[in-house]
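Following: one structure in structure tokens, then a few remarks.
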Amino acid sequence: MTSTAERYETTADEVQEVCQRAGRPVHDVTLVAVSKTVGLEEVEDAARAGAHNFGENRPDELMRKHDAFPEYRWHFIGNIQSRRIRDIVGRAVLIHSLYEAHHAQKIDEVAREQGIVQDVLLEVNVSGEASKSGLAPEDVPGMLALCESLEHVRVCGLMTMAPQGDLAVARATFRGLRELRDQLRETLPAAQAADFIELSMGMSEDWSIAIEEGSTIVRIGRAIFSADFA
Ligand SMILES: *Cc1c(COP(=O)(O)O)cnc(C)c1O
């Protein structure tokens, strides 16, 4: 039997090893512990083992856990609904899953009221799977141009989810996101390009490949919080 703390430590050690093997500085990669399936106690267990970035995909859970542990960094990785944006902005240090223009405008409006700039990532459907949400790669430049006009939204990079089950397909997806970021950076005004660095990609089954392909943020749930994950 392993505990949440042990699984977090093992995962964090493995992330460091994979960075070193890939020739990347370990500080390049942020480990987000996706706590969406667990409660406050497991969050505390992981935090005692060193976790300070956590990911949630539902506004209610984000609010509950953020309000219990405001000292940790909470990431919103779930589907955005207009009527819940007010609950997410300001609580999330980073919203990973923005892809609709009207959500960008609403985030800007709420962040303006709060007197903050909200950091976001644009979610991209690199693989083109019908079941996946996100912008088509060719629609990312238009969304970036819109976001540039919003003073209270800062786009820090891109996020994607790879199809599950085939690691070669996952690798191609991650590589595609990195290439898209690199191409777009060259076209952006200098100030916007300087912020546009993050690649949120890699989950329990494919995060090591994602790091090899340039991920700067891995989102790991089951490998940390599930005793059954092999
Ligand atoms: C649940 C979830 C994760 C974590 O997935 P695991 O396979 O449990 O590691 C990562 N990203 C998003 C967007 C998720 O919804």
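With labels modelled as points extended 7 Å from the Cα through the Cβ direction, what inter-label distance (nm, one decimal) is found for Arg73 paired with Ala227?
My value for the distance between the label points is 3.1 nm.
If the chain between Val93 and Asp139 were fully stretched, how many nm would it gain, using 0.36 nm times the residue separation less the Cα-Cα distance?
That works out to 14.1 nm of additional length.
Using +1 at the C-beta of Lys and Arg and -1 at the C-beta of Asp and Glu, which of Ala145, Asn53, Val169 has the Cα lying farthest in the positive direction of the dipole of the chain?
Ala145
With the crude spin-label approximation of a point 7 Å out along Cα→Cβ, what separation in nm comes out for Thr2 versus Arg83?
The two pseudo-label positions are separated by 4.1 nm.
What FRET efficiency comes out for the pair Glu129/Asp182, r = Cβ-Cβ distance, R0 = 22 Å, nearest 0.05?
Using R0 = 22 Å, I get an efficiency of 0.45.
Work out the length of the dipole vector of region 1-65 about its Cα centre, built from +1 on the beta-carbon of each Lys and Arg and -1 on the beta-carbon of each Asp and Glu, and round it to the nearest 20 debye.
220 debye
Could you work out how much longer the chain between Glu44 and Val26 gets when fully extended? Use 0.36 nm per residue separation minus the Cα distance between them, nm to one decimal.
Length gained between Glu44 and Val26: 4.1 nm.
With an 8 Å Cα cut-off and a minimum separation of 6 or more residues, compute the relative contact order for the chain in percent.
20 percent
Would you work out if the chain is rounded, prolate or oblate? Take a ≥ b ≥ c from the square roots of the eigenvalues of the alpha-carbon gyration tensor; rounded if a/c is under 1.5, else prolate when a/b is larger than b/c, oblate otherwise.
oblate
None of the figures in this text is laboratory data; all of them are computed from the coordinates on show. For clarity, every value in this text was computed on a predicted model and none was experimentally measured. Quick reminder, even Gly has a Cβ in these numbers, built from the backbone with ideal geometry, and neighbours come from all protein chains shown.
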